[in-house]
Structure formats: structure tokens, C-alpha cells
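Where a number appears in this text, it was derived from the coordinates with a stated rule and is not lab data. Nothing here was measured: the structure is a model prediction, and the numbers come from that model. All Cβ positions, even for glycine, are placed from backbone atoms using ideal geometry, and neighbour counts span all protein chains on display.
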Amino acid sequence: MSRLLAVPLKKSSEVDMAGPLHTYISSTYSTDECPTDSCAIEEFNKLRNKVCCGPLDKQESSLQQLYRYYDQLVCIEGKLPLTPTEIPIPFKWKEAFERSLFGRASLTISSGSYEKACVLFNIAAMQSQVAAMQRLDDDDDLKLAARLFQQSAGIFAYLKDTVMSLVGQEPTIDMMPNTLAILSALMLAQAQEIFFLKASKDHNKPAVIAKIAAECAAMYYEVNKMLSKDNIKNLWEKAYLMSGKCFTFQALAQYYQSLLAKEAKEIGEELARLQYADELMVMAQEKLGPYANLLQTEADLIHKAYLAAKKDNDFIYHERIPNIKAVPPIGKLAIAKITPLSHPLSAKPHKDIFEKLVPVAVQQALACYEVRRGEIVNAEIAKLREETNKLNELLTMVNLPTSLEDVCNADKVPPSIRQKSAKVISLGGVEALRRGVDSLPVHYRRNQEILDEAVRLLNEEKESDDQLRLQFKEKWTRMASEKLTEPLLQEIRKIEEVLESAKKADETIRQKLQTHSAGIETLSKVEVGIFCDIMQNRRLYAILK
């Protein structure tokens with residue numbers, strides 16, 4: 001028997017997943033969107049039956065197969081929902097521990113989450129089995145064992161926190177949170193034991209080895225305490241080994257601490273620790289029963305050291321042996337740490353068997369996108385139609401494009417232009433417009449002068465009224481000038497506003513004349529002059545074209 005314990009695997013029954021998967025894929029995906037053929041489904045089905053139902057060797061290759069199946073389950077979560085309502089596949093798993101003559105209890109649930117939880121349990125169990133098979137005298141094997149035990153502890157800890165939500169009902173006892181907590185603590189304790197073996201093999205300082213052993217004893221003590229609960233104390237036939245290991249590592253911690261006392265010439269403390277270590281080792285062998293021979297090497301080492309130290313004290317030192325409770329306690333050094341579960345589990349991720357299937361969430365997002373895109377496009381088209389109607393109304397109001405005439409290809413001046421030219425010439429042409437525009441500032445200044453003179457006269461009248469009122473005081477009974485002239489002042493303010501508006505209008509007229517003066521100047525010419533301008537523009541148009 002190995003000194004390290006391994007968790008047994010859960011066993012499952014073979015199940016045909018091809019039918020439900022074919023039914024779901026054909027009903028969910030169209031023919032063009034469904035590139036997955038029967039070979040992919042058959043490959044997935046065979047992979048499941050191989051790693052969950054068939055025998056697995058206690059080797060890393062078995063772990064890689066379990067990793068691949070679990071990673072594949074994670075990959076299809078969004079594509080193929082393994083639920084009772086969508087893809088009902090009954091996954092049956094037996095309990096890992098056989099606790100009665102009637103065999104192992106089992107539980108069947110049509111849930112991909114339940115399947116994942118059971119596969120994760122088996123991964124952690126296989127990690128413990130592979131770790132327990134490693135040689136304890138080889139550095140590489142010790143490193144692998146420590147890594148696997150810490151990873152196993154992390155998976156069991158993850159399941160402890162999530163199993164109830166994953167399973168959705170009360171699971172078998174091996175998947176209960178308190179059972180998973182025990183298994184996680186046991187794996188971590190065994191990882192700590194591996195670090196102890198490595199430290200003692202490398203002949204580290206006794207102080208370090210003693211602390212590692214003390215922490216290992218404390219870990220096994222906690223595991224033993226958890227296993228003593230009524231509902232799970234008979235879970236595992238090898239559970240009694242925990243108390244034996246607890247005593248063993250307490251003894252080893254005392255032994256290595258005694259070496260420090262020996263170096264410090266503390267003969268009494270050395271003897272007290274060796275005597276207590278010898279007693280602990282005897283108790284450990286009693287707890288282990290038929291497996292007591294596993295500790296024979298350590299027991300002989302401690303007993304011989306105790307006899308030698310006792311002999312030296314009896315003949316040479318004659319030191320008093322203190323009570324073990326009076327010696328300083330041994331510190332602890334925890335090296336083993338839980339490795340959190342991470343995805344993917346495979347070091348080199350495998351190709352997704354169903355990689356061409358679009359996840360359901362993505363399909364729903366695409367459908368929402370198409371609906372939203374249609375709404376936006378329709379809204380923009382409606383805006384364009386509305387603006388087009390407004391533009392057509394505006395063109396109709398200004399008689400466009402009906403009023404436009406093609407003058408580039410005409411042999412003479414079009415009639416409409418001759419009519420407009422005749423009207424412009426009858427009104428004086430462009431020069432009359434320019435004279436009228438040039439006279440606008442003059443008229444503005446004249447009106448402003450008249451208004452200013454009216455304001456001046458009103459102000460003089462007010463000053464005269466104020467002086468007379470100040471001179472005669474209460475004898476001056478005429479109505480105040482402000483009241484008499486208020487209507488006039490209001491009219492003046494209105495006229496000022498009119499003048500300001502007129503000034504702005506004059507500037508607008510001046511700018512428009514400047515902009516259109518060339519066209520009006522052309523219309524002011526006789527017909528021959530207009531035709532010459534048309535011909536000149538025609539040649540310019542031909543050059544630009």
C-alpha cells in the first residue's frame with residue numbers, strides 16, 4: 001500500500017447522445033447553418049463513453065482524456081444546451097465510495113451541469129491517483145505529485161462551492177459539500193506531505209523540516225476531525241489512516257525539533273521531544289494497524305535516537321527531562337496551496353468538435369441586430385422621402401425646373417430671356433438700379449437728420465420747461481414737458497427702429513445687386529449683346545467639359 005491516498009472514480013453508464021443532438025441541431029439550425037455531420041456527434045459520443053464508462057489507467061494520458069472531454073463540455077454550453085427541456089440526455093453516475101453490501105448509490109439527471117460536475121470530480125480523483133503512483137525517491141515525481149494534489153484540492157474546493165447550483169437537487173453523498181470539503185483538505189494535506197518528503201530528502205535545515213511536519217500534522221488533524229462526523233465517518237474504509245498520519249507527523253516534527261535542541265546542547269529538551277516522538281510513533285502504528293509497517297523506518301529512526309540520547313544523559317549529562325508541555329511549541333510552515341480551477345484544463349487546447357455551430361446567444365444577438373437594422377433603415381428612408389417631398393414642393397413654388405431653359409444649344413436668344421431683357425431695359429437697366437442703390441445712403445442720412453432735429457427741439461423745449469419750473473416753482477402750473485411730448489417721443493422711437501431696419505435692408509439690396517450685377521448687366525444689353533454673352537459662356541462650358 002502507498003503511504004498516499006487516492007480518491008476512487010465515479011462510474012457512469014453508457015448513453016446514446018446522437019439522437020437528441022441530431023434532433024436539436026436539425027430543429028435549431030437551418031441546412032446552410034448546420035455543417036455538423038454524424039461523424040462529429042459520434043466522436044463526441046465515443047469520447048464520453050470512453051472517459052466516463054471505460055477503465056482508465058492511472059497515468060497522465062488518462063488525465064488528458066478527461067481534460068479534453070471536460071473542455072468540450074464547456075465549449076458546447078452555448079451551442080448545445082444539455083437540459084431536460086431542450087436536449088434531454090439522462091446522465092447516470094454512481095457514487096465513488098462503496099459504503100454498503102448493496103453497491104454504490106446512483107443519481108440520474110438530464111443536465112449538462114450535472115455531467116460537468118461529475119467529470120470534474122473524476123478529474124480531481126484521477127489527479128490524486130496519478131499523484132499517489134509517483135515514486136517518492138525521485139525529484140521529478142515528487143514535483144508532479146505535489147502539483148497534482150494541489151490541483152485536485154482546487155477542483156474539490158470549487159465543487160464544494162458550486163455543486164448544489166450545478167446539480168440542482170440533493171446529490172449523492174460523495175458530491176455533498178461537506179464531503180468535497182474533506183477531500184479538498186485531504187489532497188492539500190498530502191501535497192504538504194510531499195513537500196515534507198522533498199525537504200527531508202534534500203536535507204534541509206531541521207528547523208524548516210520540523211515546521212513543515214507540524215503543519216502537515218495540523219492538516220491531517222483537521223481532516224480526521226471532519227471525518228468523525230456521523231453522516232460521513234463511514235464514507236471511506238481508509239479514513240482511519242488520517243489519525244495515524246496525524247500522530248506520525250507530530251512525531252516527526254518533534255524529532256526534527258530535537259535535533260535543534262541537540263545542537264544547542266539542550267539535552268533535557270532533546271530527550272523530552274524524542275521521548276514524546278517515540279510515544280507518538282507507537283500510537284501512529286497502532287492506528288494504522290495492518291499498515292503499520294509503512295512507518296517502520298521512521299519509527300526505528302526515532303526510537304534509536306531516543307535510546308542513544310537517553311544513554312548519553314544517563315552516563316554523561318544527567319539532565320532533568322522536562323514535561324513535553326513545558327518545552328516551546330513548534331512553529332508551522334504551510335507550503336502547499338490550493339490551485340484554483342482554470343479553463344481550459346488541457347495544456348494544449350483541442351479543436352472544438354462543434355466549432356462551426358454558432359452559439360444560441362450569438363444567433364439571438366444576430367436576430368436582434370437584423371430587426372434593429374431594419375428599423376433604422378426604414379426610419380432613414382422615411383426621412384429621405386419626407387425631405388424629397390419638401391424639396392419638390394419648394395421647386396414647384398419657384399417654378400423649377402420648368403423655368404430653366406437650355407441656352408447652350410440655342411441658335412438665338414430664347415423668347416423668355418428677350419422678355420426679361422425688355423422689362424429690365426424699360427426700367428432703366430442695371431445703371432438705374434445702381435443709381436437707386438447709391439442714393440439709399442443719402443436718403444437715409446436725410447431722414448436721420450430730420451429725426452435728430454426733431455429730438456433736438458423736443459430736448460430744448462424740455463430744458464426751457466425745467467428752467468421755468470425751477471424759477472417759478474409752484475407758480476408754474478403748466479403740464480410737464482415729459483407728459484406733453486410723450487406721444488412724440490414714442491413716435492420717434494418707432495421711426496428709429498424703422499430706420500435701423502431700412503439700413504439693414506439697404507445693405508441686403510446692395511449685396512444682392514453686387515452678386516447678380518453681371519446677370520442684370522447682360523439683360524440690360526440689346527439682343528445682339530446678350531447673344532454674344534451666351535456664345536462666350538457656351539465656349540467656356542465646352543472647355544470645362
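Among 414-424, 376-386, how do they line up from the highest to the lowest mean number of other beta-carbon atoms within 10 Å?
414-424, 376-386
Distance check, please: which entries in LYS245/LYS337; LYS143/LYS348; LYS11/LYS46; LYS46/LYS160 exceed 24 angstrom between their Cα atoms?
LYS46/LYS160
Find the all-direction average of the projected area of the Cα convex hull for region 303-355, expressing the result in square nanometres with one decimal place.
Orientation-averaged projected area of the Cα hull: 8.6 nm².
Ranking request for peptides 219-227, 180-188, 324-332, 38-46: highest mean number of other beta-carbon atoms within 10 Å first, then the rest in descending order. Present the calculation step by step, with values, prior to reporting the outcome.
Values: 219-227: 20.9, 180-188: 24.9, 324-332: 12.9, 38-46: 14.9.
My ranking of the peptides, most packed first, is 180-188, 219-227, 38-46, 324-332.
Straight-line reach from LYS473: which lysines fall under 16 Å, measuring Cα to Cα and dropping same-chain residues less than 8 apart?
Within reach: LYS462.
Hey, what angle do you get for helix 177-201 against the long axis of the chain, alpha-carbon based, 0 to 90 degrees rounded to 10?
70
HIS203 versus ASP140, label points 7 Å from Cα toward the beta carbon: distance in nm?
2.4
Answer rounded, prolate or oblate for the chain, using the Cα gyration tensor with square roots of eigenvalues a ≥ b ≥ c: rounded when a/c is under 1.5, else prolate when a/b is larger than b/c, else oblate.
Prolate.
With everything on Cα atoms, drop me the angle between helix 241-263 and the longest principal axis of the chain, reported from 0 to 90° to the nearest 10.
With rounding to tens, the tilt is 80 degrees.
Once every DSSP H run of n ≥ 4 in the chain is given -39500 (n - 2.57) and the sum is divided by its residues, what mean residue ellipticity at 222 nm do you get, rounded to the nearest 500 deg cm²/dmol?
One gets -23000 deg cm²/dmol as the mean residue ellipticity at 222 nm.
In whole Å and largest first, what semi-axes does the C-alpha gyration tensor of region 358-404 yield when each eigenvalue is scaled by 5 and square-rooted? Don't skip to the answer; put the middle values down first.
On the way: eigenvalues 375, 11, 3 Å².
Calculated on Cα positions only, the semi-axes equal 43, 7, 4 Å.
Where does helix 481-523 land angle-wise versus the long Cα axis of the chain, in degrees 0 to 90, nearest 10?
For helix 481-523, the angle is close to 90 degrees.
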